[in-house]
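The values are calculated or read from the model by the stated rules, or taken from the named source; none is laboratory data. Predicted model, so just to flag it, every value in this text is computed and none were measured. Cβ placement follows ideal geometry from the backbone for every residue including glycine, while neighbour counts extend to all protein chains displayed. Note: accessible area is taken over every heavy atom of the protein model, side chains too, but ligands, DNA and RNA are not part of it. Shrake-Rupley method; radii C 1.70, N 1.55, O 1.52, S 1.80 Å.
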Amino acid sequence: MRLGGTVTLDGQPLESGQISFIPSDGKGNSSGATVSAGSFDAEVFPGEMRVEIISPQVTGTRKVYDTPDSPTEDVTEEQIPTRYNTNSTLTVDAVLGEDKTDLQFALTSGKE
């Protein structure tokens with residue numbers, strides 16, 4: 001079955017990120033989709049799902065090794081508060097035979 005919709009952060013479409021649907025009872029398969037320009041479209045299994053949303057942003061670079069010719073890697077920081085991912089209480093009920101394509105997740109970045 002299909003779940004789709006929009007994700008906003010502080011009233012603006014989430015530029016990029018990942019949305020995951022994890023069975024609330026811990027049984028069954030998780031699934032997810034990319035969030036792009038605030039929209040997502042995912043194929044999921046039926047059941048009550050916990051929703052997690054992440055959107056890491058590049059904040060700089062660092063050397064991989066402590067040598068002058070070391071390659072660099074991006075340093076990222078999660079812009080979505082943990083109340084929407086690792087500590088998420090967001091849920092959706094995926095009912096067999098019922099596609100939901102108008103889900104809306106309006107996130108705020110306020111202090112936790």
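Worth pointing out:
- Taking every protein chain into account, the 1.4 Å probe leaves residue 95 with about 50 Å² of accessible area, to the nearest ten.
- Charge dipole of the chain (Cα centre as origin; +1 on each Lys and Arg Cβ, -1 on each Asp and Glu Cβ, all else neutral): 160 debye, rounded to the nearest 20.
- Centre separation in Å (Cα based) which lies between segment 88-112 and segment 1-76: 14 Å
- Residue-level accessible surface for residue 84, protein heavy atoms, 1.4 Å, Å²: 30 Å²
- Heavy-atom accessible area with a 1.4 Å probe sorts 102, 41, largest first, into 102, 41.
- Cut-off under 5 Å, modelled amide H: who pairs with residue 42 long-range: 3, 4
- For the chain, relative contact order (Cα pairs under 8 Å, six or more residues apart, normalised by length) works out to 34 percent.
- Taking percent of Cα pairs over 17 Å apart as calculated from this structure, the corresponding entry among (1) 58; (2) 52; (3) 47 is (1).
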